[in-house]
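Data first, discussion second: the structure below is written as structure tokens.
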Amino acid sequence: MEIGAIYQGNGCCEFIVWAPRLKDVKLHLISPLERQVSMAKDDSGYWKVTLDQIEVGSQYFYLLNHKTKRPDPASRFQQAGVHQASVVIDFQAYQSDKVNNWQGIPLEEYIIYELHVGTFTETGDFASVIAKLPHLIELGVTAVEIMPVAQFPGRKNWGYDGVYLYAVQNSYGGPDGLKQLVNACHQAGLAVILDVVYNHLGPEGNYLPDYAPYFSSQYMTPWGNAINFDERYSDEVRNYFWENALDWFRYFDIDALRLDATDAIR
């Protein structure tokens, strides 16, 4: 099941968040008009509400048990950073904005260049990478592997401390910037691999425990408790990661994913 803020067009947006142990969750809209809206909880612990008159770019939090205000765990854009409001994105527009004649290339023809967006150019963003694509083609590269871009605290990071797996790093250019880079790669004949981290989250801005039992003390990783992939509530935890993987294909037309530290996924 898709989660997060799902913009359906014409000002309609459905908000879905998983919080099975909480007694109350409200949608706290910040813009364009600040208000709080009650949400209904289903049998699996998903809280939902569908609203009209929601603009693309609207900012929101969730209010947990009447007291704790947190960004959306499935936020698609953290425009002001990991502690601030989540932003509604229109991914329907992304589906119509793709390179229609792109069919991909066979895996055995991948000659991979691993690329860190923050340090690959002086400006350290998606737009400046596009200008360097002819250089990669001249090198003989056929596939660009982008190191993790899930939202992390600060402006630059190795990428493995992401805490919003669905949100594309704001300082790199956000989701619009990533989509433009992928389109430019495909137009140039380059496949795109995205490095994703499904074994842990970084420390700062990781609010998943406030919502649900996403982590397990049964297994430990070098970064702390492992993701809860096989205990109680793990069906919904798996859904969180499945939907994240699907997002990169569904909305960004990523060709392949590289999973970090699979030995730490139990």
Considering only the chain, percent of DSSP beta bridges that pair antiparallel, nearest 5:
75
Kirkwood hydrodynamic radius of segment 130-266 from all distinct Cα pairs, in Å?
16.0
Could you give the length gained by full extension between Asn65 and Tyr110, i.e. 0.36 nm per residue of separation minus their alpha carbon distance, to one decimal place?
11.3 nm
Would you check the chain for Lys pairs whose C-alpha atoms are within less than 22 Å, ignoring same-chain pairs closer than 8 in sequence, and give me the count?
17
Using only C-alpha atoms and all pairs of different ones, pull out the Kirkwood radius for segment 47-91 in Å with one decimal.
11.3
Residue-wise HN-Hα coupling along segment 23-40, computed from phi with Karplus coefficients 6.51, -1.76, 1.60 (Hz; x: Gly, Pro):
8, 8, 9, 10, 7, 10, 7, 9, 9, x, 10, 6, 6, 10, 10, 5, 10, 9
Dividing the alpha-carbon radius of gyration of segment 50-150 by 2.2 N^0.38 Å (N being the number of residues), what value is obtained?
1.47
Using the C-alpha gyration tensor of segment 1-113, what are the square roots of 5 times its eigenvalues, in whole angstrom, with the largest one first?
31, 17, 14
Using +1 at the C-beta of Lys and Arg and -1 at the C-beta of Asp and Glu, which of Gln8, Gly104, Pro71 has the Cα lying farthest in the positive direction of the dipole of segment 1-108?
Pro71
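Based on the alpha-carbon gyration tensor of the chain, what equivalent-ellipsoid semi-axes (square roots of 5 times the eigenvalues) come out, in whole Å, largest first?
Equivalent-ellipsoid dimensions as semi-axes: 31, 22, 16 Å.
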Assigned charges on the beta-carbon of Lys, Arg, Asp, Glu; segment 125-181 dipole about Cα centre (debye)
100
Between Tyr219 and residues 5 or more places away or on another chain, which pairs have amide H atoms under 5 Å apart, with H built 1.01 Å from N, and which residues are they?
Ala226
From Cα pairs below 8 angstrom and at least 6 apart in sequence, can you work out the relative contact order of segment 41-161, rounded to a whole percent?
19
Obtain the nm distance between the two label points defined at Ala261 and Asn101 by a simple spin-label model: each point lies 7 Å from its Cα along the Cα-to-C-beta direction.
4.4
Relative contact order computed over segment 173-266 (Cα-Cα under 8 Å; 6+ residues apart), in percent
40
Karplus ³J(HN,Hα) for segment 5-22 (6.51 cos²θ - 1.76 cosθ + 1.60, θ = phi - 60°; Hz, whole; x = Gly/Pro) runs 8, 9, 6, 9, x, 6, x, 9, 9, 9, 10, 9, 9, 9, 8, x, 9, 7
Run the dipole for segment 1-44 about the Cα centre, Lys and Arg Cβ at +1, Asp and Glu Cβ at -1, nothing else charged, and hand back the magnitude in debye, nearest 20.
200
Looking at segment 6-86, which trypsin sites (Lys or Arg not before Pro) are in a loop (DSSP not H, G, I, E or B) and have at most 16 other Cβ atoms within 10 Å?
Arg21, Lys23, Lys67
Quick query: amide H of Val192 versus all other amide H atoms, modeled in the peptide plane; which residues come in under 5 Å with a sequence gap of 5 or more or a different chain?
Val144, Asp255, Ala256
Multiplying the sequence separation of Gln53 and Trp158 by 0.36 nm and subtracting their Cα-Cα distance, what value in nm do you get?
33.9 nm
For the chain, what's the relative contact order in percent, using C-alpha pairs closer than 8 Å and at least 6 residues apart?
17
Roughly how big is segment 70-197's charge dipole about its Cα centre, with Cβ charges of +1 (Lys, Arg) and -1 (Asp, Glu), in debye to the nearest 20?
360
When the chain is fully extended, how far beyond the present Cα-Cα distance does Ser38 get from Asp230, taking 0.36 nm per residue of separation?
66.0 nm
Would you calculate, for the chain, the mean residue ellipticity at 222 nm contributed by helices, counting each DSSP H stretch of 4 or more residues as -39,500 (n - 2.57) and dividing by all residues, to the nearest 500?
-5500 deg cm²/dmol
Whenever you get a sec, line up Thr123, Thr68, Thr221 from highest to lowest accessible area (probe 1.4 Å, protein heavy atoms).
Thr123, Thr68, Thr221
Residues whose placed amide H lies under 5 Å from that of Ala167, excluding near-sequence neighbours:
Gln151
Rounded to a whole number of µm²/s, how large is the Stokes-Einstein D of segment 173-249 at 25 °C and 0.890 mPa s, given Rh as the Kirkwood radius over C-alpha pairs?
167
Vicinal HN-Hα couplings computed from phi for segment 242-249 (Karplus, 6.51 cos²θ - 1.76 cosθ + 1.60; Hz; Gly/Pro x)
4, 5, 5, 4, 5, 4, 5, 7
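The values are calculated or read from the model by the stated rules, or taken from the named source; none is laboratory data. Treat the numbers as computed from the prediction; the structure is a model and nothing was measured. Cβ sites come from the backbone with ideal geometry, for glycine too, and all protein chains shown count toward neighbours. Accessible surface areas use protein heavy atoms only, side chains included; no ligands, DNA or RNA. Shrake-Rupley method; radii C 1.70, N 1.55, O 1.52, S 1.80 Å.
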